[in-house]
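Working notes, structure below.
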Amino acid sequence: MSASSTEDIPRRVGDAFRFDQQIVFEDMQLSRLHYHLLRLTTVGLGGEDVAELRELGRLAFEGADIGAQCDRIRGRDGADVVAVAIASIVQQADGQTPLGHVMLGAVLGAYASMLDNLDEDRRTMAVLGALGGALTASAMPLVLERIDNVGLSDYLSKAE
C-alpha cells in the first residue's frame with residue numbers, strides 16, 4: 001500500500017462507516033441473521049458457511065453449547081476464513097457477554113469489508129472487522145456500566 005493511499009484511509013473511513021451502517025439498517029429491516037450472512041458471500045462465504053454460521057447463531061442466542069458447531073466450522077475443509085474467524089471468536093468468548101451478542105458483533109463487524117475495502121484485501125478486512133465488532137459487543141455493556149458507576153464527567157476527565 002502506498003503512503004498516499006495510507007494517508008487517504010482516515011478520510012475514507014467515515015464514508016465506509018456511513019455505507020456499512022446503511023447496509024446494516026437495510027438488512028435489519030429483513031429481521032433475519034441469514035441476510036447479514038448473505039452479505040458476506042461477497043467476501044467468500046459459501047452456502048455451507050452461511051448455513052453453519054446461521055446454526056451457530058441459533059445456538060449462541062439460545063445459550064446452548066456452541067463447541068461442536070464451532071469445531072465443525074473450524075475443521076471443515078473448504079470453510080471460508082471469515083466463517084472460521086467468526087466461529088473462533090464466538091468459541092473464545094468468556095461468557096461475560098451473551099454469546100449471541102458476540103456472534104452478532106462479529107458478523108456485523110465483518111461488514112467492514114463492504115465498501116471499497118480501503119485498499120486492503122476484503123477477506124482480511126472482514127476478519128479484522130469481525131474481531132473489532134465482537135470486541136465492541138463484548139466490552140460495551142461493561143464500559144457503559146462503569147460510566148454509570150463513575151459518572152460521565154469523571155470518565156471523560158484526564159486521569160489523575
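Here, each number is a calculation from the coordinates, and none is a lab measurement. Bear in mind that the values here come from a model prediction, so they are computed numbers and not experimental data. Quick reminder, even Gly has a Cβ in these numbers, built from the backbone with ideal geometry, and neighbours come from all protein chains shown.
Can you confirm whether the stretch 64-77 contains a residue that is farther than 19 Å from residue 137 by Cβ and in contact (Cβ under 8 Å) with a residue 40 or more places away in the chain?
Looking for residues that are farther than 19 Å from residue 137 by Cβ and in contact (Cβ under 8 Å) with a residue 40 or more places away in the chain, one finds none in the stretch 64-77, hence no.
Taking the options 64, 93, name whichever one is of a type in the set (A, V, I, L, M, F, W, C) and surrounded by fewer than 15 Cβ atoms within 10 Å (Cβ to Cβ).
Details: 93 fails: surrounded by fewer than 15 Cβ atoms within 10 Å (Cβ to Cβ).
Within the list 64, 93, the selection yields 64.
Could you check the stretch 96-112 and list, in sequence order, the residues that are crowded, with 18+ Cβ neighbours inside 10 Å and assigned to a loop (DSSP other than H, G, I, E, B)?
97
Considering only the stretch 41-60, how many residues are in contact (Cβ under 8 Å) with a residue 60 or more places away in the chain and of a type in the set (Gly, Ala, Ser)? Walk me through it before giving the result.
As a first pass, look at the stretch 41-60 and keep what is in contact (Cβ under 8 Å) with a residue 60 or more places away in the chain: 42-44.
This time we only want the ones that are of a type in the set (Gly, Ala, Ser), so: 44.
Final tally of qualifying residues: 1.
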